[in-house]
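Read-outs throughout are calculated quantities, based only on the coordinates presented, and are distinct from any laboratory measurement. Only a predicted model underlies this, so the values are computations on that prediction, with no experimental measurement involved. Here the Cβ positions follow ideal geometry from the backbone for every residue, glycine too, while neighbour counts run over all protein chains shown.
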Amino acid sequence: MQSKPPYLAGARRRKAGMRGDRNGNLKLLAVASGGGHWDELMLLRSALEPFEVTYVTTNPLLPVRDGIADANILPDSNRDQLLGSLRCLMASFKLIKRYRPDVVLTTGALPGLFCIVLARLFGAKTIWVDSIANWDEPSLSGRVARPFTSLWLTQWPHLADGRSKLYGGALL
């Protein structure tokens, strides 16, 4: 049996306000846009098995490819498409309101940012894993997400500051 990473260890309902399921397992929303962000999220999949996980992505083919039958799909968005971003923001709000997750984890991009910000406003704990592609500086979404995260992880040791940006290892 694989042990949990230290930042997920003991992640059972212990603190006031953490709802979880009947067995005390936390409800976790795992969010990633398509492509590399989704691939990185899938590398975390075995570490998420102890939790009640709901997967969210922007590409409906990816969950099918990876054997996830009940994934939620958000409209794809980026900072250059205002209307698409507004659609994604509204869909993210409905998703967070519907699931009321205890924890939201994302491997980045704008749909993950929306979910992180909204979930934090609903009282959830949030985890941001900045993509391995961001080797020279944190992503724009990651920088915006930082004030809304309970845990912010980089995959590059030189980008960690030991306080608010932590190095937790690399996924690839």
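Just flag the trypsin sites (Lys or Arg not before Pro) in the range 103-172 sitting in loop per DSSP whose Cβ has no more than 11 other Cβ atoms within 10 Å. Don't skip to the answer; put the middle values down first.
On the way: sites: Arg120, Lys125, Arg143, Arg163, Lys165; in loops: Arg163, Lys165.
The qualifying sites are Arg163.
The distance separating the Cα centre of the range 53-126 from that of the range 146-172 comes to 21 Å.
Report, in order of residue number, the helices in the chain meeting two criteria: a C-alpha extent of 20 Å or more along the helix axis, and a mean Kyte-Doolittle hydropathy of at least -1.0; treat each whole DSSP H run as one helix. Let's see the in-between values first.
Working: long enough: 82-99 (25 Å, 0.69).
Both cut-offs are met by 82-99.
Once every Cα of the chain carries one equal point scatterer and solvent is ignored, give the base-10 log of I(q)/I(0) from the Debye formula at q = 0.11, 0.18 Å⁻¹, two decimals. For the chain, the Cα-only Debye profile gives -0.41, -1.19.
In percent, rounded to a whole number, the relative contact order of the chain is 18, using alpha-carbon pairs under 8 Å and six or more apart. The H on the amide N of Val53, modeled in the peptide plane, is under 5 Å from the matching H of Leu28, each at least 5 residues off or on a different chain. Against the compact-protein benchmark of 2.2 N^0.38 Å, the Cα-based radius of gyration of the range 22-118 scales to 1.02. Among the lysines of the chain, pairs at least eight places apart or on separate chains and with Cα atoms under 17 Å apart come to 8.
Backbone geometry of the range 165-172 corresponds, through the Karplus equation with coefficients 6.51, -1.76 and 1.60 at θ = phi - 60°, to 3J(HN,Hα) couplings of 10, 10, 8, x, x, 10, 7, 10 Hz, x marking Gly and Pro. Looking at the range 116-164, the pairs of alpha carbons with a distance over 18 Å make up 25% of the total.
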